[in-house]
1. So, in region 33-48, exactly how many residues are hydrophobic (A, V, I, L, M, F, W, C), out of contact with any strand residue (DSSP E or B) (no Cβ under 6 Å at 6 or more places or on another chain) and either within 20 Å of Ala131 (Cα to Cα) or in a helix (DSSP H, G or I) (or both)?
2. Which one is farthest from the chain's Cα centre (by Cα), of the residues in region 102-141 that are farther than 17 Å from Val41 by Cβ and of a type in the set (Lys, Arg)?
3. From the residues in region 94-111 that are aliphatic (A, V, I, L, M) and touching a residue at least 24 places away in the same chain (Cβ under 8 Å), which one is surrounded by the fewest Cβ atoms within 10 Å (Cβ to Cβ)?
4. Tally up the residues in region 118-134 that are over 15 Å from Val57 (Cβ atoms) and either modelled with pLDDT of 95 or more or surrounded by 12 or more Cβ atoms within 10 Å (Cβ to Cβ) (or both), please.
5. Looking only at region 15-31, count how many residues are touching a helix residue (DSSP H, G or I) at 6+ places or on another chain (Cβ under 7 Å) and in a helix (DSSP H, G or I).
6. Pick out the one residue from Glu12, Glu62 that is closer than 18 Å to Asp133 by Cα, out of contact with any helix residue (DSSP H, G or I) (no Cβ under 7 Å at 6 or more places or on another chain) and without any contact (Cβ under 8 Å) to a residue 12 or more places away in the chain.
7. From the list Met1, Met6, which one is more than 23 Å from Ile124 (Cβ to Cβ) and assigned to a loop (DSSP other than H, G, I, E, B)?
8. I'm told Gly91 meets every condition in (1) of a type outside the set (A, V, I, L, M); (2) more than 14 Å from Thr38 (Cβ to Cβ); (3) crowded, with 19+ Cβ neighbours inside 10 Å except one. Can you identify the failing condition by its number?
Amino acid sequence: MYPEIMVIPMREELTRLGIEELRTPDAVDQALTGPGTTMVVVNSICGCAAGRMRPAVRMALEKATHPDHAFTVFAGQDLEATERARGYFTGQPSSSPSIAILRDGQLVYMMPRRDIESREAAAIAAELKAALDKFCARPATV
């Protein structure tokens, strides 16, 4: 684990966007079992999180349909919270960084590290925007 002072800017890069940090397993359970759509960003200190994932999340949220809730856990820092969050990503291997979308507590979309580390932020943002628009859009009312 890195000293907290080193990861504060990495945490703030997401919390400034209105994404709420979950730092305990109980907080994860309370947050991820509620109704509606939820985006979970598994943050990391690695370079692909810094240069690709976090900027992509920002770009996608500028233009995409927003989920009802947006949360983040920090891999390698908040170990128990991260492990608990990963438990909601049914059928997916542990991956950081990564981005998940849940609907009513069930995983509907996952972008693992392998889809982040080899692409530029703009391409990641475009895919994430499409996923948010698809899974978080409100049905039209008549």
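1. First, the residues of region 33-48 that are hydrophobic (A, V, I, L, M, F, W, C): 39-42, 45-46, 48.
Then keep just the ones that are out of contact with any strand residue (DSSP E or B) (no Cβ under 6 Å at 6 or more places or on another chain); that gives 45-46, 48.
In the following step, the residues that additionally are either within 20 Å of Ala131 (Cα to Cα) or in a helix (DSSP H, G or I) (or both) were identified as 48.
Selection size over region 33-48: 1.
2. The qualifying residue farthest from the chain's Cα centre (by Cα) is Arg138.
3. Kept after step one, since they are aliphatic (A, V, I, L, M), are these residues of region 94-111: 99-102, 107-108, 110-111.
Pick out the ones that are also touching a residue at least 24 places away in the same chain (Cβ under 8 Å) and you get 99-102, 108.
On the way: Ile99: 26, Ala100: 24, Ile101: 21, Leu102: 27, Val108: 15.
Selected residue: Val108.
4. Total meeting the criteria: 1.
5. Taking region 15-31 and keeping what is touching a helix residue (DSSP H, G or I) at 6+ places or on another chain (Cβ under 7 Å), we get 17, 21-25, 27-29.
Subsequent filtering for residues that are in a helix (DSSP H, G or I) retains 25, 27-29.
Count: 4.
6. Values: Glu12 fails: closer than 18 Å to Asp133 by Cα.
On inspection, the qualifying residue turns out to be Glu62.
7. Details: Met6 fails: assigned to a loop (DSSP other than H, G, I, E, B).
Sole residue among the options that is more than 23 Å from Ile124 (Cβ to Cβ) and assigned to a loop (DSSP other than H, G, I, E, B): Met1.
8. The number of the failed condition is (3).
The values are calculated or read from the model by the stated rules, or taken from the named source; none is laboratory data. Predicted model, so just to flag it, every value in this text is computed and none were measured. Methodologically, a virtual Cβ is constructed for each residue, glycine included, from the backbone with ideal geometry; neighbour enumeration extends over all protein chains shown.
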